[in-house]
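Take a look at the structure set out below.
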Amino acid sequence: SELSTEPNWLVRSFGPNDTVSGLVRDVVESGAALWALFTRRSGRFLAFAILLTPLTSLCSYLPDIPGLHLFRWIGGLFDPAEMLGGVTIAAILLWRAWTAWRGSERMQAELDAAREIQQRLVPAALPTLPGFTIEAAYIPAQEVGGDFYQVLPRPDGSTVIAVGDVSGKGLKAAMTGTLTIGALRTLAFDGLGPAAILHRLNDELVRARHDGFVTCLCAVLEPDSTLRIANAGHLPPLLDAAEIEMPGALPLGLAPGIAYDEQQLRLDPGQKLTLLSDGVLEATSASGELFGFDRTAAVSNQSAEAIAAAAQAHGQEDDITVLTLTFAPAEVPAQVPA
């Protein structure tokens, strides 16, 4: 029979049915290993090591006829081939585990560096603005986010307020954010208005030749509650739950020489201005429903932390940043007649 040409130890140990199933298994394993060997460049060594055992086993099935002695001899090396393949596979897996561990260490180091950098994007404490109540909340979606905000009082009594969002995430976005904040702080003390600040900031980012872009809403608040606002591709602010209509404009860093429009308004006592990032509106529930403008407007009279918490509870998808500014002038005590 055909089985008489097979090694006797296979027939004695496994029987004809097991031998046929072993043959099928070896063919399948060899085919899969050969496919990986020629199509998976990064896994060729592993595929070759896996191929040793089934290929050697297949050679042992060949009939003992002249011309096939070399292959029959290879079939007799089944045990050494199995051992060599196992050792090679173990060495490859250990090497991959080592490189993966080293890679995770490098990634963790990058994340730690990005966190340190990001601490500069989000102030540890907000300055006190006489006559105003200012609050901020920031909830990153990942370990390192791309949102930022700044409140920078100037010597003339005015205050530069900025909220922005850097495209991308991780160390690269944090570095871009740091560059943006550094330039913003320098420009803020040049006495410029918000449109001029964005114009100069855009040119600085274009010269830096970084990838991506930055959206930014910039405002200058005067002591008399006059507010000048300019927008570079960011969400318009809300004033007492109503969106302030602003003309569209390109984000920062896309093209040189962009001019930004500036609007002016005056805050009345008790009015609240809310600046936020798109992570609030784009928070998405499990059913796919956005938090949206209506929900945002409904909670915009609450504290910055409460607004951010509501968006996060709905289903956070991106960094959430909220900054609120309320005009709360001190009450003048009534004059008592003499």
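The values are calculated or read from the model by the stated rules, or taken from the named source; none is laboratory data. This structure is a prediction, so every number in the text was calculated from the model and none was measured. Cβ: placed from backbone, ideal geometry, glycine included. Neighbour counts: every protein chain shown. Note: areas computed on protein heavy atoms with side chains; ligands, DNA, RNA excluded. Shrake-Rupley method; radii C 1.70, N 1.55, O 1.52, S 1.80 Å.
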So, in region 110-167, of the ones that are open to solvent by 40 Å² or more (accessible area, probe 1.4 Å) and part of a strand (DSSP E or B), which residue ends up modelled with the lowest pLDDT?
138
Take the residues in region 198-244 that are among the acidic types (Asp, Glu) and not in a strand (DSSP E or B); name whichever of them is nearest to the chain's Cα centre (by Cα).
211
Looking at (1) touching a helix residue (DSSP H, G or I) at 6+ places or on another chain (Cβ under 8 Å); (2) surrounded by 15 or more Cβ atoms within 10 Å (Cβ to Cβ); (3) acidic (Asp, Glu), find the lone condition where residue 203 falls short.
(1)
Check region 312-332 and report whether any residue there is polar (S, T, N, Q) and modelled with pLDDT under 90.
no
If you check residue 186 against the conditions, is it under 19 Å from residue 149 (Cβ atoms), touching a helix residue (DSSP H, G or I) at 6+ places or on another chain (Cβ under 7 Å) and of a type in the set (Ser, Thr, Tyr)?
no
Elements of type strands (runs of 3 or more DSSP E) in region 245-338, at least 1 residues being open to solvent by 90 Å² or more (accessible area, probe 1.4 Å) and among the polar types (S, T, N, Q)
262-266
If residue 154 meets every condition in (1) in contact with a Leu (Cβ under 8 Å, 6 or more places away or on another chain); (2) closer than 21 Å to residue 264 by Cβ apart from one, which number is that one?
(1)
Being open to solvent by 20 Å² or more (accessible area, probe 1.4 Å) and either in contact with a strand residue (DSSP E or B) (Cβ under 9 Å, 6 or more places away or on another chain) or touching a residue at least 12 places away in the same chain (Cβ under 8 Å) (or both) is the filter here; which residues of region 184-200 pass it?
185, 189, 191, 192, 196, 199, 200
At pLDDT 95 or above and closer than 22 Å to residue 159 by Cβ, is that true of residue 198?
yes
Qualifying position, being more than 18 Å from residue 163 (Cα to Cα) and touching a Phe, Trp or Tyr at 6+ places or on another chain (Cβ under 7 Å), among 224, 294, 268
268
